[in-house]
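A.B. asks: Pasting a structure below so you can have a look.
What follows draws every value from the coordinates through simple rules; no lab data is involved. Quantities reported herein were computed from a predicted structural model and do not represent experimental measurements. Here the Cβ positions follow ideal geometry from the backbone for every residue, glycine too, while neighbour counts run over all protein chains shown.
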Amino acid sequence: MAKAGCEVHYFDPSINEAHIQKSAGHWYHRMAIDWRDPNPAVIAQKQHRTTKRLATIMSEFGHRKIDVLKADIESAEWKILENLILENVIEEIGQLVFAIHLHWPGFEISGNDTDVVRYWYSLLKELELRNFKLFHSYKDLNKPQIFLRKQAFNASSSYVLSWINTQWR
């Protein structure tokens, strides 16, 4: 995408340097997207790593829109998706490609299995209500066949879902 003239930002909290420009229009950043901004006391203890809300990152980088957001956030995706919806950041995204994990509820999500599935469904339904149309899904059969800590035949604990914002301008 960077070779085609797009500005690409890659977020990975495990890289050594805070910001690395790999090539023209292509940067690596030592941070991760989260559903909340960090607690200042925690930042002081972990100077080399940080997490931030996407809205905060966009503001710091001077960005108002994201053409494509691709994320594999290792079970934080449900809370991050909720944050994007609640803060109306979702409307500023043209395409959304999310890896979702179904083997356990996810960070800071509680309740019985029915409550968890309703929560997940409410977020997916909200995307639809905000003019996002699912155009591709991929079931990773190399992942365990587990759904909410239970074996599930012909399922996967990980899917990649791709949506397009039909109102994108």
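A.B. asks: For region 11-39 and region 145-169, what is the centre-to-centre distance using only Cα atoms, to the nearest Å?
C.D. replies: 25
A.B. asks: To check you understand DSSP bridge types, tell me what percent of the beta bridges within the chain (both residues inside) are antiparallel, rounded to 5. List each step's numbers first, then the result.
C.D. replies: Working: 20 of 32 bridges.
Just about 60 percent of them are antiparallel.
A.B. asks: Determine the distance separating the Cα centre of region 110-126 from the Cα centre of region 73-98; give it in Å without decimals.
C.D. replies: Using only Cα atoms to place each centre, the spacing works out to 15 Å.
A.B. asks: Highest GNM mean-square fluctuation, the chain, Cα pairs closer than 10 Å: which of Lys65, Lys52, Lys22?
C.D. replies: Taking springs between Cα atoms under 10 Å, the residue moving most is Lys22.
A.B. asks: Given R₀ = 45 Å, what would the calculated FRET efficiency be for Glu126 paired with Asn16, taking r from the Cβ atoms and rounding to 0.05? Show your work: numbers first, answer last.
C.D. replies: Values: r = 38 Å, r/R0 = 0.83.
According to the calculation, E is roughly 0.75.
A.B. asks: When the convex hull of the C-alpha atoms of the chain is computed, what volume per residue in Å³ does it have? Write out the running numbers ahead of the final one.
C.D. replies: Working: hull volume 24.3 nm³, N = 169.
Per-residue hull volume (Cα only) is 144 Å³.
A.B. asks: Please label the shape of region 116-169 as rounded, prolate or oblate, based on the square roots a ≥ b ≥ c of the eigenvalues of the alpha-carbon gyration tensor (a/c under 1.5 means rounded; beyond that, a/b larger than b/c means prolate, else oblate).
C.D. replies: Details: a/c = 4.47, a/b = 1.80, b/c = 2.48.
Oblate is the answer for region 116-169, as a/c is 1.5 or above yet b/c matches or exceeds a/b.
A.B. asks: Across region 65-169, how many lysine pairs, 8 or more apart or on two chains, come within less than 16 Å at their alpha-carbon atoms? Before the final figure, lay out the partial values.
C.D. replies: On the way: Lys70/Lys79; Lys70/Lys133; Lys79/Lys125; Lys125/Lys133.
So the count of such lysine pairs works out to 4.
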